[in-house]
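Asks: After the structure tokens below, expect a handful of questions from me.
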Amino acid sequence: MNNELKQNEGIATEEEDVLEDSEFENDENDENDENDENEISFAELFNQSLQERKIEEGQIVTGTIVSINVDEVLIDIGYKSEGVVPASHFEKVDGELNCKVGDNVEVVIERKEDDSGQIKLSKKKAMRIRKWNEIAEAFKKGAIVNGVITSRVKGGFSVDVGVKAFLPASQVDNRPVRDFNVYVDQAFDFKILEFNKLKGNIVLSRKVLLETEAKKLKEQLLQNIHEGMVLDGIIKNITDYGVFVDLGNIDGLLHITDMSWGRVSHPSDIFAVGDKINVTVLKYDKDKQRISLGHKQITDDPWENAKVKYPEGAIVKGKVVTIVDYGAFIEIEEGIEGLIHISEMSWTQKVKHPSKVVSVGDLVESVVLALDVEHRRLSLGLKQVKDNPWQLVSEKFPPGTIVERPVKNITDFGLFIEFEDGIDGLIHVSDISWGKKPKKLKELFKKGDMVKAKVLDINANSGKCSLSIKALLEDPWKSIAKRYRKGVIVKGVVKSITEFGVFVELEPDIEGLIHISEIRSSKSATAPDQLKLGETIDVLVTSVANRKIGLSIKDLERKLEREEIRKYLANQEEPKAKLMEFIKSDNQLVKVSATAETTVTKEAVTAPVETAPEAQTETPAEVVLEAEATTTEETPAVEEESATEEVAGEEKSETESAEESTDQARIEE
């Protein structure tokens, strides 16, 4: 086009020179005049067209691509010279040019003409200006714009919406954000919150659009929601008691008890914020707009068929999920856990803690001991998988078997002896001796001592064996009642003195108690503090019952006093013989005499004896003889009864009590 302009200018110059120098004829001059007029009108038209096509820097114009080079693209914008645009303005992401000759493009005039006479154009500026105009229009109308979050900046994000815009971090989502980097390089729709073209400031919001959309979804959900409805949601928040699930701008609570049929220690063990989850509506409160959700209810309850799948005695496999002080919990399937109690872990070992036998994560085999579907409890046994060694021991050593085994352990309550490796038997302290329980077993036995004992019982199920040392000997208490009858005088050794009485050893392992009330009589000098340990004393047996022997010193003294009186009276034979002859001669007179004499006897016994120093003519012996004569005048029946009681050694009867009082009175006289 520039060449054409130069050619036209050259032609016009030559014609002007010809008109000035030529000397032609009038006809020729007329023709030249017409040509000059035509040439002037063409120049005027060209200049006029240039004047009408005025361009200004910063103006947006539309041009046509006429040439494409490596570094630049020539565009005809209808001016006397073409404009130049850098080829980089047309590059795509892959580096290729996104243009061809003949394409119409919008450009901005950056400079009218440079040193080479070309017009400098910019496609990017044209696009930017056009985008600003579009964004200004969208801001006025409240329209939505689309853009790509390009990078993180202070306080938010940089967004490309054709021009650079700012997205505050608080406006990127309508829920709490933990990782902002997930939004970078993502394309979203935005609403323009602020627009200032002069300052080049554009503020966007994605949160406003999400809230508007969520509100519509919430209204739609609340209209259709009902109990039993299955919904998709996203874990929004996790607490100790459950998780909150976002169902579409409305939250529902999934309680920890409704997460799984199995044990859940904490919701975070199975869920994380942002997880997608299927839930069912358990309860919906329209007034409060509260929704209770369930996750485990989507699947069948495994306990419904547990009775069929896990009968008692069945062997099951499971994983150790929890260990506590009293046992280990085994998960045999999701939702069903069983407890292996610490007592069910070994037949022979005393397990101090379940962690000594199993660890969390171990796969173990166990036997179903009991199943309670109603309370969802399953009892398992680990030791039952193996044969019970106690059963073999019970067959080998039936009750009554005498064994000799070493002492393995000594406790306050008995001795443990070792039957076989890991199998112990107990000799209780009460089974060591027929007598008093020994208090200090460690003084009598030592670990490793060989002890002979008799097997009393072996319980294979509970793993317990009881033995006895005293069972090797005959129970001395079986003959105690014969050997220590009531009223018999025996000898014993003082073994211990207590506040309530004195214990006396009558024979090995046999002791009797002298209660403190039976130690001292009214005139006896015997007292607990006067008795010494190891001292041999005489005592009277007062009772034998429940493997206990009651002894008395007081009754012994009384009995000895009565014996002395009776011996004294027995020596007085003549008064008795005369009385018997009289009785035989007249039985009627006997009855009268007996009654009279008995009255006299009572008066004689109970009446005080008055004596004077000079008038006393009777000796104490004569008084006793007189009392004896009076007493012997009782009826034969009374005399025979008294004699029988004396031989049998019975305790005081009513008659004997009267005699005792009489005897005591005589002694005092």
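Asks: What residue among S81, W132, G142 has its Cα farthest toward the positive end of the dipole of the stretch 74-178, where the charges are +1 on Lys, Arg and -1 on Asp, Glu, each on the Cβ?
Replies: The Cα lying farthest towards the positive end belongs to G142.
Asks: In whole angstrom, note down how far apart the Cα centers of the stretch 101-163 and the stretch 322-369 are.
Replies: Going from one Cα centre to the other spans 72 Å.
Asks: Determine the relative contact order of the stretch 437-488: mean sequence separation of Cα pairs under 8 Å and six or more apart, normalised by residue count, in whole percent.
Replies: The normalised contact order for the stretch 437-488 reaches 24 percent.
Asks: For the stretch 90-150, what does the relative contact order come out to in percent, with C-alpha contacts under 8 Å and a separation of six or more?
Replies: 19 percent
Asks: A further question follows. Taking the Cβ of S366 as the centre, find all other residues whose Cβ is under 13 Å away and add up their charges (Lys, Arg: +1; Asp, Glu: -1).
Replies: Working: positive: K317, K319, K383, K386; negative: E312, E331, E337, E344, D362, E365.
Once all neighbours under 13 Å are counted, the net charge is -2.
Asks: I need to check one value: relative contact order of the stretch 397-513, counting alpha carbon pairs closer than 8 Å and at least 6 residues apart, in percent.
Replies: Answer for the stretch 397-513 is 24 percent.
Every number here is computed from the coordinates shown, using simple stated rules; none is lab data. All values reported here derive from a predicted model rather than from experimental measurement. All Cβ positions, even for glycine, are placed from backbone atoms using ideal geometry, and neighbour counts span all protein chains on display.
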